[in-house]
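The next block holds one structure in the form of structure tokens; read it before the comments.
Bear in mind these aren't lab numbers, they're just calculated from the coordinates by the rules spelled out. The shown structure was predicted, so the numbers you read here are calculated from the model rather than taken from an experiment. Cβ placement follows ideal geometry from the backbone for every residue including glycine, while neighbour counts extend to all protein chains displayed.
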Amino acid sequence: MARRDKSTRRATLRVTLAGWLFLMSSLVVGLAAVKSQMPLMFVLFGSMLGGMAVSSILARNMILAAQVQRELPPRAWQFETVYFGYVLRNRLRRRPSLGLLLQEIAPRGVENAHGYCVYLPGRGAFRAGCRLTAENRGRVVLSGVRLATKFPFGLVVARRDIPQPASLVVWPARGRLRGELLCRGAREASSAPPSRLQGGQDEFVGLREYRQGDSPRWIHWRRSAGRETPVVRELAHPVPDVLFLVLDTHLDESEPLAAWQRERLLRFAATLIDEALGRGYQAGLALGTASGPRVLLPAAGVAARIHLLDALADVSDADNIPLRTVVEAIPLSAVRNAQTILLTEAKESLPPMVQANLAQSARHLEIVSPAELEFLFEDHPLIHPREAPCR
Amino acid sequence: MPLNRYTTADLVLTERRRMEQPLLLLIWLGTAAFSLAEGSTLYFLSGTVGVGVNWLVVRRNMEIYLHRRYVHIGVAVSLLLLAIEVLYTTVPLHVTVGHFMMLIQLLKLFEQKRSRDYLQLMVLSLFLMVDTALICSSVWFAPLVAVYLLLACYVAMVFTIKRGLDEAGAARLRSEPGPLSPRQVAWNVIRQWPGGALQRILWWIAIPALGAGILAFLLTPRAAGLADAASQDVLTTGFHTSICLGQPRKVYQSDRVVLRIAVPTRNTDNGMSLPLSSRYLRGAVLDQYRNSTWKNSRGAERYPFPAPSSPPGDRTLLAAGLVRQTIQTMTLGPVELFAPYPTVGLIPPRDVKVMHSSSLEYAVRDHSTSRRRLRYDALSFPFPLNDRQRAYLKRMRGSGDISGATIELPPDVRARLLALANRWCGDLLEKRRREPDRTAEWNLALARRIEMRLKGQYEYTLDLSESNPTRDGVEDFLFFLHRGHCEYFASAMAVLCNLLEVPARLAVGFVMEEYDPETDEFIIRERDAHAWCEVYSDATDWTIFDPTPSEGRQETTKRPWYAFLKDFFQEIQFQWYQQIVRYDAAEQRNLAERTADGAWLFWMAILRGLTQLRESFWKLLQEGVVDRILWRFLVVLQVLAAGILLLLLLRRIRHLRGRCRAGRKYDFLLEPLLILLEQRGLPSLPSRTLQQHMRQAREQFHLPADRLEALVFLQYRWRWGGQTPSEEELRQARQEVAALCELLQMPSAKRQIAS
């Protein structure tokens, strides 16, 4: 049997401001009792002190009796409320716990609305709802849960830190696309609107004569009735709409707004990916990481979404790889039929060869710089432009 | 005065009713205690009305409040009143502050209340109670304090929960446009109101807290000699050092035992051999009658002589022997000590100093020592006194104690009384005038005549509700009422005697009547308090005359049906005074010594018992004999086992009763359905309310919308609206839930058809 970690079973007691005032009042009552020698004053004095002591013991026991388990989703959007729950269980059979306050022990940048449980009966369980908002993109490490109670009188707060490490991947904040950026590639390729079909269903193209190797199931028997050679239905696999993002993570040290602009590009990329996947696109991504270029081939579905957004969340200052290296790592098949969008801070200084390579292989290439984002993208309302560092 | 009505959602999250109702009761207790202790009916009534109005409004889920401007004006007026009371009256400061707090509390009751206001009201109430404890140490206040502490603990607990709910309700993240809806917050933080749990926790807190209070009372350093600081209410009742006649009232006499008297020299004849004079235990002598009131003209400074603590040494004085009476006060005595006339020796406890007056009244010198139970021996001469004894008494008294009482009457009353006395005793007065050398003898005869007339012509009663306070008390008794109790009879006799120039005075004390053969003692109760007349003559010294008819006295002392309650309260009051109020440094020391001795004796007894038990076991093993100690041990073991079994049984019964009652309390009706939904992959999330959750279930599993809505509505009405559904409704709802569960277990297509 594993030994129980003593640190998790330790509760700290702290007298609140109300508690200090109450203590001072008790002492005044005690002094008045000694001065007046009135019997009930002594009883009041003792009861006040006794009440405070008992409340401390009670609060401590309630905290120690409670067990907490966090139900946290693994991923969240930056600046969006994450609803999650704490499952509280009372170890004791008889004694209930009341007024339990739950708070995340989180790094700066995570705003947490405290969870609260009014009543946790003996041997009972309760699911307390809680919510948080992450203000920074990336991986947030939540080290544990702080359980506290001021019950019964609010004079003493008993606290216990329960280590429960968890990681939350915070995706860049979602904004709003201003233009129909995603439709551009399709319009330029043909006059037809982009296909809305999903799941790889085939489209009917027309009839043709039977060739060797065709499946007999494809024969259109009614049309073939008056002919010498049978005709078969010709079906075509619709080419899915593909969005491929190439993200320039290279930071120009001389540019003071480089980091801010890159964050903005990341938010744009996240919004674009979310929007594209929502419309049934396949989305791919190429970007530089500290270990080298990373290419996520176009794919659709929940898993692809997670991979793509996780990759955006994980971009760090160390990912300082030149765009050229990244572009060279992209397989041609990935961008052949894709609407490719290159997101770079340095559009002017883009190597011509990179641009030419991408333009040749992609169905359509769009290069977006931070300056153009004003027309294409509206940032999350909580990211105020004033928060941007001054140039 | 606006009225604010709260929505159901407000009620859910703010728990106003649960907070305000006990708080109002708490405030009322504080105000009532203070105003009763201080004796202010106005404050009591205003506090009661203020709390009552708030109570009615709260019960209707509303709030009544004044505009803040008026509240501020009220506070300013209260401050002004405080300043006036401090500067221009002699009311103690803490009472003045109490008045101020009462006014502020009343104002705050009619202010729009937030959590801060609740806290202020609680603090004010607590301070008011502390203030009351400073001015009152009566026994009735003790249970009030206990109830107050219990209620205060409960209110503080509810308030703490309410504060937590308030914070949860107001919490708002940057990413949210505003706080969540109250229902959503409530869904995340509370399932049911922990009323039962709070009550249980209340006891867990209150009992140790009260225990701590008692410990503080016992162990905190105390001053010495607290007895004088206490109230006079619990002193020996039935006896007063002044008498006021003419008040229209009914006199109630209690059966409380006041004195116990042992007479060691008495024969076994139920005390019949005791001289009559020794049955009258005198406490005080009153020699001034003015405005229907008897007093002692020398007041409290009338005890100049130290009491002789041994009998006179001259044997001739003791020719007829001395009557020795051992008197034990059963209540807290006044300064005066009761002893028969003439007591010539009084042996008090070693640490008590006793003085006597020229009238041979005895009193303790140090007032604080009189506030405890005393046991003393009184040595008195039996009547009739011989010459040497009378001479001895004269020496003891000093000079000038043979004059009668000073009687001050209005001239017309004096004339009327004199006329009556002359009519009754005209012949004896004539004889006295003719034979001046036998004045002493005729004086006694006059006194006896008046005594006989009073006994014969007037009735004894304790109902004096018809007496007229505008008349002189004696006049009213003799000419109008024709009935009264011992004070009236004795007063009339003393007044008439003095008008006829017979030296007489009033004596008050107790008369010994009840004899307890079991304890071989006389028992004196409160109802034995008595007043009689002492008449002086050179031949007999001061002689006792009791003009009160004994027959009527026996009949009229019937106790009312509620007398036992009064006796009980008096006994509690006495014990309270004896054990609590006068608990001082000496008592503290005594208690510590007694506790240490008791603990040591207890430990020794345990050791002795264990040793005996071990020997008994050896005896059992060696000789096979079960001795008495072993039997006792087995009996104790069996009793313990039976007790434990009984406790377990009671717990079981309570548990079963609790389960039966649980059906009537709040019950989560939809729980089976929620469990089933969770199994089907739709868990209830903290971000969704019950209504939202059911909506999703309806869409996902094609459940009937109207039936689910009705169930959710019933659940909400019960939980949040506090309206318990009827048994029929509950039965139907459970059936409905069961039907929905069955529906959910059907295949999808079939379910759609069924829906």
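Legend: mean number of C-beta atoms from other chains within 10 angstrom of residue C-beta atoms, peptide B:191-198, equals 5. Max-minus-min Cα coordinates of segment B:34-131 on each principal axis give 44, 28, 21 Å, with the largest extent listed first. Computed 3J(HN,Hα) for segment A:259-272, one whole-Hz value per residue from the Karplus formula 6.51 cos²θ - 1.76 cosθ + 1.60 where θ = phi - 60°, is 5, 4, 5, 5, 4, 5, 5, 5, 4, 4, 4, 5, 5, 5, glycine and proline marked x. Each listed q (0.12, 0.16 Å⁻¹) maps to a log10 I(q)/I(0) for segment B:478-576, found by the Debye formula over equal Cα scatterers with no solvent: -0.56, -0.87. Segment B:380-418 and segment B:181-211 have Cα centres separated by 75 Å. For the listed peptides B:598-609, B:578-589, a ranking on the average number of other beta carbons within 10 Å per residue, highest first, reads B:578-589, B:598-609. Once the convex hull of all Cα atoms in segment A:95-147 is built, its volume per residue stands at 80 Å³.
Working note: Cα gyration tensor of chain A, eigenvalues times five, square-rooted, sorted largest first, giving semi-axes of 63, 28, 17 Å.
Taking trypsin sites (Lys or Arg not before Pro) across segment B:94-182, the ones in a DSSP loop with at most 16 further Cβ atoms lying within 10 angstrom of their Cβ are B:Arg114, B:Arg172, B:Arg174.
Taking 4 °C and 1.567 mPa s as conditions, chain B diffuses translationally at an estimated 38 µm²/s according to Stokes-Einstein applied to its Kirkwood radius (Cα pairs).
Summary value for chain B: 13 percent relative contact order, contacts being C-alpha pairs under 8 angstrom separated by 6+ residues. The dipole here belongs to chain A: it is taken about the Cα centre, uses +1 on the Cβ of Lys and Arg and -1 on the Cβ of Asp and Glu, and is about 2880 debye. Ordering B:633-642, B:672-681, B:471-480 by mean Cβ neighbour count within 10 Å, with the highest value first, yields B:471-480, B:672-681, B:633-642.
Taking the charge dipole of the protein assembly as shown about its Cα centre, with +1 at Lys and Arg Cβ atoms and -1 at Asp and Glu Cβ atoms, the residue from B:Ser616, B:Phe44, B:Ala133 reaching farthest to the positive side is B:Ser616.
Over segment A:1-143, the reciprocal of the mean inverse Cα-Cα separation, the Kirkwood hydrodynamic radius, stands at 18.3 Å.
Checking the Cα-Cα distances for B:Lys113/B:Lys566; B:Lys108/B:Lys566; B:Lys353/B:Lys566; A:Lys35/B:Lys295; B:Lys431/B:Lys455; A:Lys35/B:Lys353 against a 32 Å cut-off, the pairs over it are B:Lys113/B:Lys566; B:Lys108/B:Lys566; B:Lys353/B:Lys566; A:Lys35/B:Lys295. Here the dipole of chain B is about 2740 debye; that uses its Cα centre as origin and unit charges on the Cβ of Lys and Arg (positive) and Asp and Glu (negative). Taking every C-alpha pair closer than 8 Å and separated by at least 6 residues, the mean separation divided by the residue count of segment A:255-384 gives a relative contact order of 24 percent. Legend: mean number of C-beta atoms from other chains within 10 angstrom of residue C-beta atoms, peptide A:68-81, equals 1.
Amide H to amide H distances under 5 Å link A:Ile341 with A:Phe244, A:Leu245, A:Val246, A:Glu366, where only residues 5 or more positions off or on other chains count and H is placed in the peptide plane.
Computed 3J(HN,Hα) for segment B:185-190, one whole-Hz value per residue from the Karplus formula 6.51 cos²θ - 1.76 cosθ + 1.60 where θ = phi - 60°, is 5, 4, 4, 7, 10, 9, glycine and proline marked x.
The share of C-alpha pairs in the protein assembly as shown whose separation exceeds 63 Å stands at 42 percent. A:Gln282 sits among other residues whose Cβ lies under 13 Å from its own Cβ, and their net charge, with Lys and Arg +1 and Asp and Glu -1, is +3. For segment A:292-375, the Stokes-Einstein estimate of translational diffusion at 20 °C and a viscosity of 1.002 mPa s comes to 153 µm²/s, using the Kirkwood hydrodynamic radius over alpha-carbon pairs.
The 3J(HN,Hα) values that the Karplus relation (6.51, -1.76, 1.60; θ = phi - 60°) gives for segment B:495-504 are, in residue order, 5, 5, 4, 5, 5, 8, 6, 9, x, 8 Hz. Gly and Pro appear as x. From most to least packed by mean Cβ count within 10 Å, the peptides B:489-496, B:692-699 give B:489-496, B:692-699. Placing unit charges on each Cβ (+1 for Lys and Arg, -1 for Asp and Glu) gives segment B:79-201 a dipole about its Cα centre, and among B:Gly169, B:Leu81, B:Val91 the Cα reaching farthest toward its positive end belongs to B:Gly169. Its Cα gyration tensor gives segment B:103-230 an equivalent ellipsoid, and the semi-axes of that ellipsoid, as √(5λ) in whole Å with the largest first, are 39, 19, 12. Principal semi-axes of the equivalent ellipsoid, √(5λ) from the alpha carbon gyration tensor of segment B:560-719, are 63, 33, 18 Å from largest down.
Dipole magnitude for the protein assembly as shown: computed about the Cα centre from +1 point charges on Lys and Arg Cβ and -1 point charges on Asp and Glu Cβ, it is near 2480 debye. Could you tell me the relative contact order of segment B:17-171? Use alpha-carbon pairs under 8 Å, at least six residues apart, and round to a whole percent. Relative contact order here is 35 percent. Legend: mean number of C-beta atoms from other chains within 10 angstrom of residue C-beta atoms, peptide B:143-151, equals 2.
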